[in-house]
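Visitor: Before I ask anything, let me first share the structure, which is written out below as structure tokens.
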Amino acid sequence: MRDLLIMGVVAIIFYVFWKMMLKEPILPWKEKVVTDNTITQTGKKKKKRKHEVQIEQEPQLFEELFENVKDISNHMIRYHDNSFTLITEVEPVNYFLKSQDEQEAIDKEFESYLASINYPISCLLQSRYIDISEPIKHMTESMKNSEDLNEAALSFGQSMINDLIEWQTQTPRYETKRYLIFTHKVNAADVNADSKEELDEKIVEKTFSELMRRYNAAKNQLRKSEIEVSLLPTEGIYELLYHTFNRKKAVKQRFKDMIEAEKNAMYITADQTDERIEAVKEAIEEYERTEKEETSEKQAI
């Protein structure tokens, strides 16, 4: 009897071990457990791939970079928290070609300007590929329009233009653009308005007035040190961003060419406000009405 009990225990242990190796339920009336190695969607077993790599979605860096930007208009970048940024381009003076007295005068004026400001100012330096397409275009037009150039002069001019094109393509050079950035934030609670549209308009006017005051102060003060400061318009802001994100492509696909192509396009693909759409419709109707009146007058004559 004792031997039978021992054999029964051994048989049970062997049965449990065998079921565990097959990864099947120990009790026969239990359903089979679906593990990671089996898939029962189609009723067939499918082994899980080893070293399977889950593909992650690429981060939307460009969208995340501008998620706080509400609009770019009125020569300013507007953010959702009613902060505005105005950008000015700076043409520096060739400091090291000046005499000692001239350098000291420049330093004095620049230090005076820095001491007079009580608001934050940011500086931006941007390296761009030198684009000499415009000078090459002017040279080509001058050669075509000149009537007193002989064959040797035309050949020399054309060879020089070809050398400039090859120089720009094969050996790109860089130039540095310098910018001063002014930022101002308006508290909407301090602005009195009867409607949301009026509030938005007053916020833009108030901010633009303050930023223009800062720009004029920088322009007048730095002009004394022979540093020219000019306002960057809305189109200039877009060009600055275009060169920032398309550094190499900006030489071949120039921003000016894209603007000209958009102006000459048959259809406008950019988002337009309802007011602008209504204004365009009124202009079209006025034009058609004028054409009909002129046609009827000609027929009457």
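The values are calculated or read from the model by the stated rules, or taken from the named source; none is laboratory data. On a predicted model such as this, the values are computed, not experimentally measured, just so you know. Neighbour counts are summed over all protein chains in view; Cβ atoms, including those assigned to glycine, are modelled from backbone coordinates with ideal geometry. Areas reflect the complete protein model, heavy atoms only, side chains present, ligands, DNA and RNA absent. Shrake-Rupley method; radii C 1.70, N 1.55, O 1.52, S 1.80 Å.
Visitor: Could you list log10 I(q)/I(0) for region 68-156 at q = 0.18, 0.24 Å⁻¹, which the Debye formula gives when each Cα is one point scatterer?
Guide: With one equal scatterer per Cα and no solvent, log10 I(q)/I(0) is -0.99, -1.22.
Visitor: Roughly speaking, to the nearest percent, how much of region 67-119's 1.4 Å accessible area is carbon and sulfur?
Guide: Percent of accessible area from carbon and sulfur atoms in region 67-119: 47.
Visitor: Under 13 Å from the Cβ of Tyr119, count the other residues' Cβ atoms, weight Lys and Arg +1, Asp and Glu -1, and hand me the total.
Guide: Net charge around Tyr119: +2.
Visitor: Additional query: Per the 1.4 Å probe, what fraction of the accessible area of region 196-299, in percent, lies on carbon and sulfur atoms?
Guide: That share works out to 51 percent.
Visitor: For a label point 7 Å from the Cα of Leu231 along Cα→C-beta, name the residues of region 67-88 whose backbone N is under 12 Å from it.
Guide: The answer is 74-76, 86-88, whose backbone nitrogens lie closer than 12 Å to the label point.
Visitor: For region 128-170, what % of the accessible area comes from carbon and sulfur atoms, probe 1.4 Å?
Guide: Whole-percent figure for carbon plus sulfur exposure: 54.
Visitor: Still on this structure: Considering only the other residues whose Cβ falls under 12 Å of the Cβ of Leu232, what net charge follows from Lys and Arg at +1 and Asp and Glu at -1?
Guide: So the environment of Leu232 carries a net charge of -1.
Visitor: Could you sort the peptides 8-14, 153-159 by per-residue average Cβ neighbour count (10 Å cutoff), highest mean leading?
Guide: The packing order, highest mean first, is 153-159, 8-14.
Visitor: Something else now. For the pair Lys292/Ser112, report the inter-label distance in nm, with labels modelled 7 Å from Cα in the Cβ direction.
Guide: Spacing of the two 7 Å Cα→Cβ label points: 6.6 nm.
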